[in-house]
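Only one structure is covered here, and it is reproduced in the block below.
The values are calculated or read from the model by the stated rules, or taken from the named source; none is laboratory data. Being a predicted model, the structure only gives us computed values, none of them experimental. With ideal geometry, Cβ positions are generated from the backbone for all residues, glycine too; neighbour counts draw on all protein chains shown.
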Amino acid sequence: MTDSDRGTDARDPEYAGVPVSKINPYIPHPARIYDYLLGGKDNFAADREAAEALVKVSPGTREGVRAHRAFLGRAVRYLAAEAGVTQFLDIGTGIPTRDNTHTIAQEAAPGARVAYVDNDPIVLVHGRALLTGDPAGTTDMIEADLRQPEKILSDPTIRRVIDFTRPVAVILAGIMHFITDEEDPYGLVEQLKAAVPSGSHLLLSHITLDFADDVRREDFTKPYDNSSAAMTPRTREEVLRFFAGWELVDPGLVEVVTWRPDPDEYQERIPGDHAWAYGGLAVKP
Ligand SMILES: C[S@@+](CC[C@H](N)C(=O)[O-])C[C@H]1O[C@@H](n2cnc3c(N)ncnc32)[C@H](O)[C@@H]1O
(Lines give C-alpha, C1' and ligand atoms only; values in the text may rest on other atoms or scores of the structure.)
Protein backbone atom coordinates (compact mmCIF):
# COMPACT_ATOMS: atom_id res chain seq x y z
CA MET A 1 0.00 0.00 0.00
CA THR A 2 1.39 3.41 -0.91
CA ASP A 3 0.93 6.57 1.14
CA SER A 4 -1.63 7.92 -1.29
CA ASP A 5 -3.67 4.72 -0.92
CA ARG A 6 -4.17 5.45 2.71
CA GLY A 7 -6.77 8.12 2.16
CA THR A 8 -7.01 11.73 3.10
CA ASP A 9 -7.22 11.14 6.84
CA ALA A 10 -3.69 9.88 7.08
CA ARG A 11 -2.42 12.77 4.97
CA ASP A 12 -4.19 15.38 7.03
CA PRO A 13 -1.79 18.24 7.94
CA GLU A 14 -2.60 17.41 11.54
CA TYR A 15 -0.41 14.35 11.17
CA ALA A 16 2.55 16.28 9.77
CA GLY A 17 5.78 14.88 11.10
CA VAL A 18 4.37 11.42 11.72
CA PRO A 19 5.51 8.90 9.13
CA VAL A 20 2.32 8.20 7.19
CA SER A 21 3.27 4.54 7.00
CA LYS A 22 2.76 4.37 10.77
CA ILE A 23 -0.90 5.41 10.67
CA ASN A 24 -3.09 2.85 9.02
CA PRO A 25 -6.73 3.91 8.95
CA TYR A 26 -7.81 0.52 7.63
CA ILE A 27 -6.73 -1.49 10.67
CA PRO A 28 -8.69 -0.80 13.88
CA HIS A 29 -6.50 0.43 16.74
CA PRO A 30 -7.37 0.08 20.44
CA ALA A 31 -6.77 3.79 21.12
CA ARG A 32 -9.13 4.84 18.32
CA ILE A 33 -11.81 2.27 19.23
CA TYR A 34 -11.69 3.58 22.80
CA ASP A 35 -11.80 7.16 21.56
CA TYR A 36 -14.93 6.40 19.51
CA LEU A 37 -16.62 4.67 22.46
CA LEU A 38 -15.88 7.71 24.62
CA GLY A 39 -17.50 9.96 22.02
CA GLY A 40 -14.24 11.29 20.51
CA LYS A 41 -13.59 12.21 16.88
CA ASP A 42 -10.09 10.81 16.39
CA ASN A 43 -11.05 7.53 14.76
CA PHE A 44 -11.54 6.01 11.33
CA ALA A 45 -14.33 3.88 9.80
CA ALA A 46 -12.51 0.63 10.65
CA ASP A 47 -12.31 1.67 14.33
CA ARG A 48 -15.98 2.62 14.43
CA GLU A 49 -16.95 -0.69 12.85
CA ALA A 50 -14.97 -2.66 15.44
CA ALA A 51 -16.47 -0.57 18.25
CA GLU A 52 -20.02 -1.09 16.99
CA ALA A 53 -19.37 -4.84 16.77
CA LEU A 54 -18.33 -4.74 20.45
CA VAL A 55 -21.49 -2.86 21.41
CA LYS A 56 -23.54 -5.52 19.63
CA VAL A 57 -21.99 -8.29 21.73
CA SER A 58 -21.92 -6.24 24.91
CA PRO A 59 -24.64 -3.56 24.99
CA GLY A 60 -23.10 -1.92 28.08
CA THR A 61 -19.79 -1.22 26.31
CA ARG A 62 -20.12 2.57 26.03
CA GLU A 63 -21.27 3.06 29.62
CA GLY A 64 -18.65 0.53 30.78
CA VAL A 65 -15.87 2.43 29.00
CA ARG A 66 -17.01 5.69 30.61
CA ALA A 67 -17.11 3.97 34.02
CA HIS A 68 -13.59 2.70 33.38
CA ARG A 69 -12.34 6.16 32.53
CA ALA A 70 -14.03 7.57 35.66
CA PHE A 71 -12.23 4.95 37.78
CA LEU A 72 -8.89 6.10 36.37
CA GLY A 73 -9.77 9.69 37.31
CA ARG A 74 -10.73 8.78 40.88
CA ALA A 75 -7.63 6.67 41.38
CA VAL A 76 -5.29 9.38 40.05
CA ARG A 77 -7.04 11.96 42.26
CA TYR A 78 -6.59 9.66 45.26
CA LEU A 79 -2.88 9.24 44.43
CA ALA A 80 -2.18 12.95 44.04
CA ALA A 81 -4.51 14.34 46.71
CA GLU A 82 -4.40 11.66 49.40
CA ALA A 83 -1.38 9.42 48.89
CA GLY A 84 1.03 12.31 48.18
CA VAL A 85 2.25 10.87 44.86
CA THR A 86 3.93 13.44 42.62
CA GLN A 87 5.30 11.28 39.77
CA PHE A 88 3.18 9.36 37.26
CA LEU A 89 4.30 6.99 34.52
CA ASP A 90 1.14 6.41 32.48
CA ILE A 91 1.62 3.62 29.93
CA GLY A 92 -1.19 3.20 27.39
CA THR A 93 -2.25 6.82 27.64
CA GLY A 94 -4.96 6.77 25.01
CA ILE A 95 -6.00 9.69 22.82
CA PRO A 96 -6.36 12.78 25.03
CA THR A 97 -9.89 13.36 26.23
CA ARG A 98 -11.39 14.96 29.31
CA ASP A 99 -9.79 14.32 32.69
CA ASN A 100 -6.40 13.16 31.55
CA THR A 101 -3.93 11.94 34.17
CA HIS A 102 -1.86 15.13 34.25
CA THR A 103 -4.94 17.38 34.49
CA ILE A 104 -6.22 15.56 37.54
CA ALA A 105 -2.82 15.05 39.15
CA GLN A 106 -1.71 18.66 38.65
CA GLU A 107 -5.04 19.97 39.89
CA ALA A 108 -4.32 18.29 43.22
CA ALA A 109 -0.54 18.73 43.10
CA PRO A 110 0.51 21.46 40.61
CA GLY A 111 4.15 20.31 40.64
CA ALA A 112 3.25 16.74 39.63
CA ARG A 113 5.43 15.19 36.93
CA VAL A 114 3.66 13.04 34.35
CA ALA A 115 5.27 10.91 31.64
CA TYR A 116 2.97 9.36 29.05
CA VAL A 117 3.78 6.34 26.90
CA ASP A 118 1.76 4.88 24.04
CA ASN A 119 2.61 2.82 20.98
CA ASP A 120 -0.03 4.37 18.72
CA PRO A 121 1.39 7.28 16.68
CA ILE A 122 -2.02 8.99 16.61
CA VAL A 123 -1.95 9.23 20.39
CA LEU A 124 1.43 10.91 20.11
CA VAL A 125 0.24 13.46 17.55
CA HIS A 126 -2.70 14.54 19.68
CA GLY A 127 -0.85 14.04 22.91
CA ARG A 128 2.00 16.39 22.00
CA ALA A 129 -0.54 19.08 21.08
CA LEU A 130 -2.95 18.65 23.96
CA LEU A 131 -1.21 17.12 26.90
CA THR A 132 0.51 20.27 28.04
CA GLY A 133 0.31 20.52 31.77
CA ASP A 134 0.52 23.02 34.57
CA PRO A 135 3.68 25.17 34.15
CA ALA A 136 4.58 24.28 37.72
CA GLY A 137 4.70 20.60 36.81
CA THR A 138 6.18 18.61 33.97
CA THR A 139 4.30 16.67 31.32
CA ASP A 140 5.88 14.78 28.44
CA MET A 141 5.19 11.87 26.19
CA ILE A 142 7.04 9.22 24.22
CA GLU A 143 6.12 6.63 21.66
CA ALA A 144 7.14 3.23 23.00
CA ASP A 145 5.77 -0.24 23.52
CA LEU A 146 4.98 -1.84 26.86
CA ARG A 147 6.37 -5.07 25.46
CA GLN A 148 9.81 -3.43 25.63
CA PRO A 149 9.86 -2.09 29.20
CA GLU A 150 13.63 -1.67 29.18
CA LYS A 151 13.28 0.88 26.37
CA ILE A 152 10.67 2.81 28.37
CA LEU A 153 12.75 2.74 31.54
CA SER A 154 15.95 3.91 29.85
CA ASP A 155 14.37 6.52 27.58
CA PRO A 156 15.99 9.96 28.13
CA THR A 157 12.63 11.78 28.18
CA ILE A 158 11.21 9.39 30.74
CA ARG A 159 14.33 9.74 32.88
CA ARG A 160 14.12 13.53 32.66
CA VAL A 161 10.52 13.53 33.91
CA ILE A 162 10.65 10.66 36.39
CA ASP A 163 13.16 10.33 39.21
CA PHE A 164 13.29 6.57 39.80
CA THR A 165 14.84 7.03 43.24
CA ARG A 166 11.54 8.53 44.47
CA PRO A 167 8.07 6.86 44.55
CA VAL A 168 6.31 6.64 41.21
CA ALA A 169 2.74 5.73 40.31
CA VAL A 170 2.90 3.30 37.41
CA ILE A 171 -0.41 3.44 35.54
CA LEU A 172 -1.48 0.53 33.37
CA ALA A 173 -5.12 1.43 32.78
CA GLY A 174 -6.95 -0.55 30.12
CA ILE A 175 -3.77 -1.82 28.49
CA MET A 176 -2.85 -5.25 29.91
CA HIS A 177 -5.70 -6.97 28.02
CA PHE A 178 -3.84 -5.99 24.84
CA ILE A 179 -0.88 -8.11 25.95
CA THR A 180 -1.40 -11.78 25.15
CA ASP A 181 -0.34 -14.61 27.46
CA GLU A 182 2.45 -15.46 24.98
CA GLU A 183 3.87 -11.94 25.40
CA ASP A 184 4.53 -12.54 29.12
CA PRO A 185 2.22 -9.90 30.64
CA TYR A 186 3.21 -10.75 34.23
CA GLY A 187 6.93 -10.60 33.44
CA LEU A 188 6.50 -7.18 31.80
CA VAL A 189 4.66 -5.77 34.82
CA GLU A 190 7.26 -7.25 37.18
CA GLN A 191 10.02 -5.43 35.27
CA LEU A 192 8.22 -2.13 35.82
CA LYS A 193 7.53 -2.95 39.48
CA ALA A 194 11.20 -3.75 40.03
CA ALA A 195 12.30 -0.39 38.59
CA VAL A 196 10.50 1.76 41.18
CA PRO A 197 11.25 2.18 44.90
CA SER A 198 9.25 1.33 47.99
CA GLY A 199 6.19 3.61 48.38
CA SER A 200 5.48 3.44 44.63
CA HIS A 201 2.00 2.52 43.40
CA LEU A 202 0.60 0.33 40.65
CA LEU A 203 -2.74 1.48 39.23
CA LEU A 204 -4.12 -1.20 36.94
CA SER A 205 -7.47 -1.87 35.28
CA HIS A 206 -8.39 -4.78 33.05
CA ILE A 207 -11.28 -6.11 30.98
CA THR A 208 -12.96 -9.26 32.29
CA LEU A 209 -15.70 -11.59 31.16
CA ASP A 210 -16.45 -12.68 34.73
CA PHE A 211 -19.86 -11.01 34.51
CA ALA A 212 -20.59 -11.91 30.89
CA ASP A 213 -22.75 -14.93 31.58
CA ASP A 214 -24.23 -15.43 28.16
CA VAL A 215 -21.45 -14.06 25.96
CA ARG A 216 -18.93 -16.36 24.33
CA ARG A 217 -15.32 -15.30 24.71
CA GLU A 218 -14.60 -15.54 20.98
CA ASP A 219 -17.59 -13.32 20.16
CA PHE A 220 -16.30 -10.64 22.53
CA THR A 221 -12.68 -10.77 21.35
CA LYS A 222 -13.51 -11.07 17.62
CA PRO A 223 -13.79 -7.30 16.88
CA TYR A 224 -10.12 -7.05 17.92
CA ASP A 225 -8.94 -10.01 15.84
CA ASN A 226 -8.05 -7.83 12.86
CA SER A 227 -6.91 -4.89 14.94
CA SER A 228 -3.35 -3.92 15.80
CA ALA A 229 -3.67 -5.73 19.17
CA ALA A 230 -5.66 -8.81 20.09
CA MET A 231 -7.90 -8.75 23.19
CA THR A 232 -7.29 -11.05 26.18
CA PRO A 233 -9.94 -10.63 28.90
CA ARG A 234 -8.82 -12.09 32.25
CA THR A 235 -10.51 -13.38 35.39
CA ARG A 236 -10.23 -11.62 38.75
CA GLU A 237 -7.65 -14.19 39.90
CA GLU A 238 -5.56 -13.55 36.79
CA VAL A 239 -5.75 -9.77 37.19
CA LEU A 240 -4.88 -10.04 40.88
CA ARG A 241 -1.56 -11.68 39.93
CA PHE A 242 -0.34 -8.39 38.44
CA PHE A 243 -0.26 -6.91 41.95
CA ALA A 244 1.69 -9.84 43.48
CA GLY A 245 3.84 -8.83 46.45
CA TRP A 246 2.35 -5.31 46.71
CA GLU A 247 -0.33 -4.20 49.19
CA LEU A 248 -3.72 -3.44 47.68
CA VAL A 249 -5.22 -0.17 48.78
CA ASP A 250 -8.79 -0.40 50.09
CA PRO A 251 -11.18 -1.70 48.66
CA GLY A 252 -8.79 -3.97 46.75
CA LEU A 253 -9.31 -5.27 43.23
CA VAL A 254 -12.98 -4.65 42.46
CA GLU A 255 -15.29 -3.76 39.61
CA VAL A 256 -14.28 -0.28 38.47
CA VAL A 257 -17.60 1.25 39.50
CA THR A 258 -17.19 0.13 43.11
CA TRP A 259 -13.63 1.44 43.56
CA ARG A 260 -14.03 4.38 45.98
CA PRO A 261 -17.13 5.81 44.26
CA ASP A 262 -17.41 9.55 44.53
CA PRO A 263 -20.83 10.55 45.94
CA ASP A 264 -20.66 13.76 43.88
CA GLU A 265 -19.97 11.91 40.62
CA TYR A 266 -22.92 11.01 38.40
CA GLN A 267 -23.21 7.22 38.15
CA GLU A 268 -25.03 6.23 34.99
CA ARG A 269 -26.72 2.87 34.79
CA ILE A 270 -24.77 0.31 32.78
CA PRO A 271 -26.93 -2.04 30.71
CA GLY A 272 -26.33 -5.46 32.31
CA ASP A 273 -25.24 -3.68 35.52
CA HIS A 274 -21.53 -4.47 35.17
CA ALA A 275 -18.70 -2.53 33.53
CA TRP A 276 -16.80 -5.73 32.66
CA ALA A 277 -13.60 -4.25 34.06
CA TYR A 278 -11.65 -4.61 37.28
CA GLY A 279 -9.60 -1.84 38.80
CA GLY A 280 -7.16 -1.74 41.65
CA LEU A 281 -4.33 0.20 43.22
CA ALA A 282 -1.46 -1.24 45.22
CA VAL A 283 1.60 0.11 47.00
CA LYS A 284 5.12 -1.35 47.02
CA PRO A 285 6.13 -2.34 50.55
C1 LIG B 1 -8.23 1.36 26.04
S2 LIG B 1 -6.97 2.57 25.85
C3 LIG B 1 -6.80 3.11 27.54
C4 LIG B 1 -6.52 4.59 27.67
C5 LIG B 1 -6.34 5.10 29.10
N6 LIG B 1 -5.21 4.46 29.76
C7 LIG B 1 -7.58 4.89 29.94
O8 LIG B 1 -7.59 3.94 30.74
O9 LIG B 1 -8.54 5.64 29.80
C10 LIG B 1 -5.52 1.53 25.66
C11 LIG B 1 -4.28 2.30 25.19
O12 LIG B 1 -3.15 1.43 25.28
C13 LIG B 1 -2.35 1.60 24.13
N14 LIG B 1 -1.58 0.35 23.93
C15 LIG B 1 -2.06 -0.88 23.61
N16 LIG B 1 -1.05 -1.78 23.55
C17 LIG B 1 0.08 -1.08 23.86
C18 LIG B 1 1.45 -1.46 23.97
N19 LIG B 1 1.85 -2.72 23.75
N20 LIG B 1 2.36 -0.51 24.29
C21 LIG B 1 1.97 0.79 24.51
N22 LIG B 1 0.69 1.20 24.41
C23 LIG B 1 -0.25 0.28 24.09
C24 LIG B 1 -3.34 1.89 23.02
O25 LIG B 1 -2.73 2.55 21.92
C26 LIG B 1 -4.35 2.75 23.73
O27 LIG B 1 -4.03 4.11 23.65
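Could you please give the count of residues in the range 118-140 that are farther than 17 Å from P30 by Cβ and either in a loop (DSSP other than H, G, I, E, B) or touching a Ser or Thr at 6+ places or on another chain (Cβ under 7 Å) (or both)? Don't jump to the end; show me each part of the working.
Of the residues in the range 118-140, the ones farther than 17 Å from P30 by Cβ are 128-140.
Of the ones still in play, those that are also either in a loop (DSSP other than H, G, I, E, B) or touching a Ser or Thr at 6+ places or on another chain (Cβ under 7 Å) (or both) are 131-137, 139-140.
Of the residues in that region, 9 qualify.
Taken over the range 228-256, the criterion of being surrounded by 14 or more Cβ atoms within 10 Å (Cβ to Cβ), among the charged types (D, E, K, R) and within 22 Å of A70 (Cα to Cα) is satisfied by R234, R236, E255. With respect to the conditions (1) over 16 Å from S228 (Cβ atoms); (2) touching a Lys or Arg at 6+ places or on another chain (Cβ under 8 Å), R77 falls short on a single one, namely (2).
Within the option set I175, I171, I179, I152, being near the ligand (Cβ under 10 Å from one of its atoms), out of contact with any strand residue (DSSP E or B) (no Cβ under 9 Å at 6 or more places or on another chain) and not aromatic (F, W, Y) holds for one residue only, I179.
From the list A75, A105, A115, A80, which one is outside any loop (DSSP other than H, G, I, E, B), in contact (Cβ under 8 Å) with a residue 12 or more places away in the chain and over 19 Å from V161 (Cβ atoms)?
Numbers: A105 fails: over 19 Å from V161 (Cβ atoms); A115 fails: over 19 Å from V161 (Cβ atoms); A80 fails: over 19 Å from V161 (Cβ atoms).
From the options A75, A105, A115, A80, the qualifying one is A75.
For the range 208-220, the criterion of being farther than 28 Å from H274 by Cα and either surrounded by 14 or more Cβ atoms within 10 Å (Cβ to Cβ) or among the β-branched types (V, I, T) (or both) is met by none of the residues. Residues that are away from the ligand (no atom under 12 Å from the Cβ), at pLDDT 90 or above and either in contact with a helix residue (DSSP H, G or I) (Cβ under 8 Å, 6 or more places away or on another chain) or β-branched (V, I, T) (or both) do occur in the range 58-66.
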